[in-house]
Amino acid sequence: MKGIDWKWNRQAMRILFLGVLVAALFTAMAVYKVRDQYRVFELGQELSEESRKYTELNETQRKLRLEISATKKVEDIRSVAEEKLGMKIPQESDYIVVTQ
């Protein structure tokens, strides 16, 4: 029987250890890259959602501004009608019912 060649065995163990270390390093880098890409994807989703909300809020603001301007116009018309033309909103006693 032949004895164990410890010198060759040590070299093989060193190579194996370095191989495992390099593989672990590449795996860690790959996991980091995937995690980083996933975070970019999540931020893109959040940005898309916030952009949609921003568009909705702008549309709501536009509608509210139109409503305010319409309300102001009605109030302006009412004040001109009451002050300059002597008109008033009819009361129930002012109604005349016409029947045939």
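Between the helical axis of 6-83 and the dominant principal axis of the chain, each derived from Cα atoms, what acute angle in degrees is found, rounded to the nearest 10?
0 degrees
If the chain between ILE68 and LEU25 were fully stretched, how many nm would it gain, using 0.36 nm times the residue separation less the Cα-Cα distance?
Roughly 9.1 nm would be gained on extension.
Can you give the net charge of the other residues whose Cβ lies under 13 Å from the Cβ of THR71, counting K and R as +1 and D and E as -1?
Details: positive: LYS63, ARG65, LYS72, LYS73, ARG78; negative: GLU67, GLU75, ASP76.
Charge balance near THR71 sits at +2.
Since every read-out is calculated from the coordinates, none of them should be taken as a lab result. The structure displayed is predicted, hence computed values, not measured ones. As a convention, Cβ positions derive from the backbone with ideal geometry for all residues, glycine included, and neighbour counts pool all protein chains shown.
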